[in-house]
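What follows is a short report on a single structure.
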Amino acid sequence: MKNIVSLLNAVSDEADKKLVQLQELFGVESKHSSKTVLLVKGENNQINLEGGRYLTEIDAVNESLVDDKGYEYNYDCVSFGDLCQIIDNQETQYKK
């Protein structure tokens, strides 16, 4: 039986892979830089990152979240559960 840390690491790796895959398939140029990013679709996914700044883009290659003003944040500024929910929701939104 695997321990909890091993399971968490496996889920984290899978989440990273899924984000990169979504970005490769559906990535567009950022509104704030020349980087390719995944646009966050759906108001429920545009969570408040800091002081009224909302998540609008994900740069999976550089593992950063981008707010509506162009500021970048590490993944750890949102809970892992919220990040996984955003990934699942983006997968659903883009496959429509």
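The values are calculated or read from the model by the stated rules, or taken from the named source; none is laboratory data. Please read all numbers here as calculations on a predicted model, not as lab measurements. We place every Cβ from the backbone using ideal geometry, glycine too, and count neighbours over all the protein chains shown.
So here's what we get for this one:
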read-out: Answer residue from region 15-49, given it is acidic (D, E) and out of contact with any Ser or Thr (no Cβ under 7 Å at 6 or more places or on another chain) and is farthest from L83 (Cα to Cα) among those; value: E24
read-out: Unmet requirement for K31, which otherwise passes all of (1) crowded, with 16+ Cβ neighbours inside 10 Å; (2) at pLDDT 95 or above; value: (1)
read-out: Cβ-Cβ under 8 Å pairs, at least 6 apart or on other chains, region 63-84 side without any contact (Cβ under 8 Å) to a residue 12 or more places away in the chain, far side surrounded by 13 or more Cβ atoms within 10 Å (Cβ to Cβ) and charged (D, E, K, R); value: S64/E72; N74/E63
read-out: Conditions (1) closer than 19 Å to V78 by Cα; (2) touching a Leu at 6+ places or on another chain (Cβ under 7 Å): number failed by V20; value: (2)
read-out: Residues located in region 34-60, provided they are outside any strand (DSSP E or B), in contact with a strand residue (DSSP E or B) (Cβ under 8 Å, 6 or more places away or on another chain) and closer than 16 Å to E72 by Cβ; value: K35, V40, Q46, I47, A60
read-out: Index of the failed condition, D59 passing every other in (1) farther than 13 Å from D16 by Cα; (2) modelled with pLDDT of 95 or more; (3) touching a helix residue (DSSP H, G or I) at 6+ places or on another chain (Cβ under 8 Å); (4) not β-branched (V, I, T); value: (1)
read-out: I87 in contact (Cβ under 8 Å) with a residue 12 or more places away in the chain, surrounded by 17 or more Cβ atoms within 10 Å (Cβ to Cβ), touching a Leu at 6+ places or on another chain (Cβ under 7 Å) and part of a helix (DSSP H, G or I); value: yes
